[in-house]
Amino acid sequence: MPINYKQELNPEQYAVIASGDGPCLVLAGAGSGKTRTLVYRVAFLLERGVSPENILLVTFTNKAANEMKERVKQLLGFKPDGLYAGTFHSVANLLLRRHADHLGYQKNFNILDQEDSVSLIKGCMEDLNLNVRGQNFPKANVVQSIISYARNCHQDIAAVVADRYGYPQVVSEQFDRIAQNYHAKKKQANVMDFDDLLFNWLKLLEDFPAVKEQLSNQFKYILVDEYQDTNYIQAAIIKHLAGAAKNVLVVGDDSQSIYSFRAADVANILDFPKQFPAARVFRIEKNYRSTPEILSLANEVIKHNRDKFEKNLQPVRVSGQLPVLIPARDVYQQAHLVSNKIIDLRDQGVDYVNMAVLFRSTFHSAELQLELAKRNIPFILRGGQRYFEQAHVKDMVSYLKILANFKDELSWKRVLRLYDGIGAAAADNIWSSIQNYSTLVELITQNFPIKNARARSSWSRLVTMFQSLTSIDVTQRGSLAEVVIHVMEAGYKDYLKNTFDNYKDRLDDLQQFVDFVMTYDSLDTLLADVMLSENFAHDNSKDKDNAVILTTIHQAKGLEWKYVMIIGARNGDFPHYKSLDNLKELEEERRLFYVAVTRAKDELYLFYPIRKNTFQYGEMTGGPSMFISEVDDSKYRTTGANRFISEDDPWEREETVYYD
């Protein structure tokens, strides 16, 4: 039986299905059924006699591509063999298998995975005598990441190295040489990395008109999902592939473009009507996910962006409660209030898995993770490791553990291996010598022989640092922050910069760690809290099927929960203070906030700490995020913290002081 499109789709979706020839931009708001629209459009084309091999459907994940292919199959009742549906990279691989010889590759080329790519770059650096013993040069994994980013956003490598990553000119000048050597080695070995798949696909279209004409004639209908997440190369590929009819239908939401750090460019979707002057713009604005109150707040938030398409999410669901804004005294009370709300919902019969806590950056959840662990509330962290399990945080904790317990073998070996010239074997040998001493003070005032010159130099630096650390009275409030800062300034910052491509995010994590430890006047208490969090993570693994979801907003995109709590919605934290002087960055921050709000189905709670204790500036007070304060206060209600504290709660019931 043919599909009854009018009956199975709403009028907005049906308009796209029935009138989607030529260049079309489909602005699909959050929760509006964009995947459904794409699937039905493919089925519509196939039912009208378009051959599967004449349709190209590209998206960003294999999971999404497989889901759409399966749904097309279910709709039609048969599998449309020959349909080109997959990620940009998977389609590129298929096409390059046919045409790689035009580019000087053999068609049986191999594809490098991340590890292989880094290994090859390491060899290129050795050829150029870079990153050899004792050199303070970025590691191969950092070099690979920077080369990849520059290529995907179509920018000069040296400029990216200097402007985005902050390396000096003497370092940035070397990156071009490494990249040229790297690309030459790949071609010689008949291998491509993941970036080459897209780059070479585009090169085929740009440099070989016959291939471009062949592919344009084959793909009579092109459909692209999540177009707001495309980078320069992906958008250029789509433009080149568009044939005379330009049957290009792209679906996306400019208000959910939040991946510029991955080289995604929101201008691709904003400028689509300029790239295709005859383009028609469709809007799918009916939202099936959230209550009218949540959508009203979301619409009000995003309207303050300048660079955007006008749209208005329209609710299908019946009315619910207003989003709630909850000021907390500080991050500790914020964690306490969120935990109270989770327990309250649980007592009402809500499963943990239907609750999610969202935050801009993982470090915003540090205090909450400790509070949940103390109260035995199961949680799963999406988007990376738990805060105290991250490598750079564990490194800092290891220094503190040595101060607390001189005989901690694991912490000593972890710290030792951070230093140049000290590998696993050298660390074992040094640890054997350390055991001959009774105290840290005794150790750092004595000398013991280390044969390797690089290891000996590194040990000397480590001893000098511990001599300074032992002079700090760690029983004084704020002194533990001094310890962490001293470690960072004594070389750990340089280690991060040369080891991780996201070192700036890791520095933000450690700055938060500084502010976190400054509230402690006992090293033992601090370490006990941190260990409680780590042990809870392992003991709690059995509860993974019913646990509260903690996630960064970037990881939450595309997901939804009945009850959503956003924490850290404080000005200067969200939006990040560094974005305030850059309109482009500020608007992406606002889009990020919009994505967070639109994850909520039934209820939305916005928490922010009024007071923030920092080592650098002392106690700071602040109000809610500008993304909240710029919205009419009829879109939410503000509730004092004491509404979330019961009569027998150990927290004192004091009136919350609102920040004006």
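Would you mind finding the longest exposed-site-free stretch of the chain, with exposed chymotrypsin sites (Phe, Trp or Tyr not before Pro) meaning DSSP loop and at most 10 other Cβ atoms within 10 Å? Write out the running numbers ahead of the final one.
On the way: sites that count: F78, Y617.
Result for the longest clean stretch: 79-616.
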In whole Å, what is the distance between the alpha-carbon centres of segment 488-527 and segment 321-390?
22 Å
Semi-axis lengths (Å, descending) of the ellipsoid that matches the C-alpha gyration tensor of segment 10-94
19, 16, 13
Filtered trypsin sites (Lys or Arg not before Pro), segment 14-90: DSSP coil and at most 16 other beta carbons within 10 Å:
R48
Is there a quick way to get the dipole size of the chain? I mean about its Cα centre, with the Cβ of Lys and Arg at +1 and of Asp and Glu at -1; what is the value in debye to the nearest 20?
1900 debye
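Within the accessible area of the chain, what % is carbon and sulfur when the probe is 1.4 Å and the other protein chains stay in place?
Numbers: 13190 of 28630 Å².
C and S atoms contribute 46 percent here.
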Any GluC sites (Glu not before Pro) in segment 440-536 that lie in a DSSP loop and have at most 10 other Cβ atoms within 10 Å would be none
Might you tell me the accessible area per residue for the chain, computed with a 1.4 Å probe and given in Å²?
43 Å²
Quick one: accessible surface of T470, probe radius 1.4 Å, all protein chains present, in square angstrom to the nearest 10.
60 Å²
Using helices alone, what [θ] at 222 nm do you get for the chain, with -39,500 (n - 2.57) per DSSP H run of 4 or more residues, divided over all residues and rounded to the nearest 500?
-14500 deg cm²/dmol
Only sites in a loop by DSSP and with at most 15 other Cβ atoms within 10 Å count here; which trypsin sites (Lys or Arg not before Pro) in segment 373-447 make the cut?
R375, K407, R417
Could I get the Rg over Rh figure for the chain? Both from C-alpha atoms, Rh via Kirkwood, rounded to two places.
1.00
Calculate the tail of P(r) for segment 372-411: the fraction of all Cα-Cα distances greater than 13 Å, expressed in %.
63 percent
Can you give the % of DSSP beta bridges in the chain that are antiparallel, to the nearest 5?
10 percent
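The values are calculated or read from the model by the stated rules, or taken from the named source; none is laboratory data. Owing to the predicted nature of the structure, the values given are computational and were not obtained by experimental measurement. Using ideal geometry, Cβ is built from the backbone for each residue, glycine included, and neighbour counts are taken over all protein chains shown. Quick note on the areas: whole protein, heavy atoms, side chains included, nothing else; ligands and nucleic acids left out. Shrake-Rupley method; radii C 1.70, N 1.55, O 1.52, S 1.80 Å.
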